[in-house]
Amino acid sequence: MDNDYKTSKEAFVSGMTGSSVGHINMVSLSALISIALYSALKTRLPTSKHLHFLGEVLLLIAPLLASVTVFANAPGKLCLILLVPTLLLLLLPRREAGPYLPSSLTHSRASSRDSTALKDGNISGIISIPPLPALTTYRSHMLLLTFLCILAVDFPVFPRSLAKCETFGASMMDLGVGAFVFSQGIVSAIPLVKNPQHLTEPLLPKVTVVLRKCSPLLLLGLLRTISVKGTEYPEHVTEYGVHWNFFITLALIPILQVLLHPAMIHLPISLLGVLVAISHQLALSTGGLQRFVLEAPRVGVISANKEGIVSVTGYLAIHLLGLSTGTLVLAPTPSYFKRRRQQLARPPTAPPRPRTPSSDSDSDDETPAPSPAPVLEQRRENDKTATELCSYAVLWWVFLGALKLFGIGGGISRRMVNIQYIIWVAAYNTTFLLGYLVLDLFFFPSPLSKSVYSPTSKLKVHPDPDMLKATRHLRGRDHGAGGSAPALLEAINKNGLVLFLLANVMTGLINLSMQTMYMSDWSAMIVLSLYAFSISAIAWTCRHRRLWKF
């Protein structure tokens, strides 16, 4: 690559000060409204299977691309363009859906016994985790915005205010890195929710398993460093350092999380995340790490990669807050994991009498258990989950406001991952996950996703466990029943990491083949549209198989 162009390109993406939190929220709001428009179409008008893929690209991908390019400086206009047809569609009557099974809310003796055990935290088996469409949509949109931004930032059509900030400031790309880690934390809660006793298992075997899983990421990080240096690809050194990159950070965080399992037995994970964030901020402010990051010359391996090394603790705090959110949204009830954790923290007593609820033995659970345990079917009370998420969203936004009011941390800094950045990432992701969950409850209501109470006894009515098992294969098949996210978003979520790698490779090839910095807006939009369509097409083609499980 020409040295003059490389120098100009590095200057093109350096020295940014960002935008505002409110502006980023407005840019992101178009993603929520696009889902509302898609859901309104699905529930009000008949759809054609022949145009399924193209329709989802137009409704779900195009608004995201427009929000970070041509409408980035006027996000309200895009939101209005999407909102008007959505409201008009809501005036139409809903399409008739199949009636719910009469026995779906039968209060049987088995359901009463299992629901009481669930409330008391005395379930000894491994629970199954049904799909959560809102989580799939949230993760897919986060991945899509990441894919789009890492290439769009190289074109002038992408506003500089959304590019990564040099030191302090809030931008869309700054947020994307934290959102990726937060999302990783959410899905890392799956083995803990399925079997909370996983926290009490010996550390060494767990660390060995995680190291084996994360070794490909470490290898990818090394290969990326070699390829960037070998091709003289433009790089932003103050982002992670000279040799460090995001893949190395992603590989280290799960290992550190496993080492904290003993502490998670006695402390709420959200509190543990906040304590890590406060400790990290103290190290920055009073321990001299902030001065080290901003002022130390790059004379050795440590100082050459000071941003990447120092920020790992901050990203661990974000991961823990995401992990805490995962224990809320993936469990049957928001308090389920809390009760099981408290049960583990109690001194050992006489073992409870074993309970053997009727359950089939087939399960996709891959979490090792100390002994064979029945897999229990539980429905998820999404209305309670939404209320809990709302509480946390308010808490994080208030916390962020207090930090800004008292000037703690000196502002949002992705470069150091300080406490303001950590709490901002938690507030943003919790809020938008809540938004997707509320949309799902509104457009696809189901008695199996809400708390239902008897009009006579005022007691909660629980579905029959036998019915839950019998209809397991039906849930997730029809979006009209609220069982799944849009097919394209499910495909992207299924192979998210592989697509992320592919997006990085495609971004590199495009930048090496053309001088993106000097392209007109129309030319840039054509390239970006073809890029987005290609990734979507690959995801769609591979939607029935997982290419790499991490």
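Before moving on, here are some points about what is shown:
- Applying the criterion of being hydrophobic (A, V, I, L, M, F, W, C) and in a loop (DSSP other than H, G, I, E, B) to the residues of the stretch 394-423, the residue that is surrounded by the most Cβ atoms within 10 Å (Cβ to Cβ) is VAL417.
- Every pair of residues 6+ apart whose Cβ atoms lie under 6 Å, when the first sits in the stretch 375-402 and is more than 26 Å from PRO191 (Cα to Cα) while the second is modelled with pLDDT of 90 or more and assigned to a helix (DSSP H, G or I): TRP397/ALA427; PHE399/ILE423; LEU400/ILE423; LEU400/TRP424; LEU400/ALA427
- Any chance GLY300 is under 30 Å from ASN3 (Cα atoms) and open to solvent by less than 10 Å² (accessible area, probe 1.4 Å): no
- Selection count, the stretch 198-209, where residues are surrounded by 14 or more Cβ atoms within 10 Å (Cβ to Cβ) and in contact with a Pro (Cβ under 8 Å, 6 or more places away or on another chain): 3
- The condition of being touching a helix residue (DSSP H, G or I) at 6+ places or on another chain (Cβ under 9 Å), among the β-branched types (Val, Ile, Thr) and open to solvent by less than 40 Å² (accessible area, probe 1.4 Å) does not hold for THR313.
- Number of positions in the stretch 314-337 that are over 18 Å from LEU441 (Cα atoms) and not polar (S, T, N, Q): 13
- Where helices (runs of 4 or more DSSP H) sit wholly within the stretch 8-91, those with at least 1 residues that are open to solvent by 50 Å² or more (accessible area, probe 1.4 Å) and out of contact with any strand residue (DSSP E or B) (no Cβ under 7 Å at 6 or more places or on another chain) occupy 21-44, 52-56, 75-90.
- Scan of the stretch 183-197 for residues that are open to solvent by less than 50 Å² (accessible area, probe 1.4 Å) and farther than 19 Å from LEU321 by Cα, ordered by number: ASN195
- Residue within the stretch 512-519 that is open to solvent by 80 Å² or more (accessible area, probe 1.4 Å), assigned to a loop (DSSP other than H, G, I, E, B) and within 30 Å of PRO191 (Cα to Cα) present: no
- Number of residues in the stretch 153-171 that are under 23 Å from the mean Cα position of the chain (by Cα) and part of a loop (DSSP other than H, G, I, E, B) equals 5.
- PRO268 fulfils the conditions (1) within 21 Å of HIS198 (Cα to Cα); (2) under 19 Å from the mean Cα position of the chain (by Cα) except for a single criterion, (2).
The values are calculated or read from the model by the stated rules, or taken from the named source; none is laboratory data. These figures come from a predicted structure and were not determined experimentally. Every residue, glycine among them, receives a Cβ derived from its backbone with ideal geometry; neighbour counts consider all protein chains shown. Surface accessibility is based on the protein's heavy atoms, side chains included, excluding ligands, DNA and RNA. Shrake-Rupley method; radii C 1.70, N 1.55, O 1.52, S 1.80 Å.
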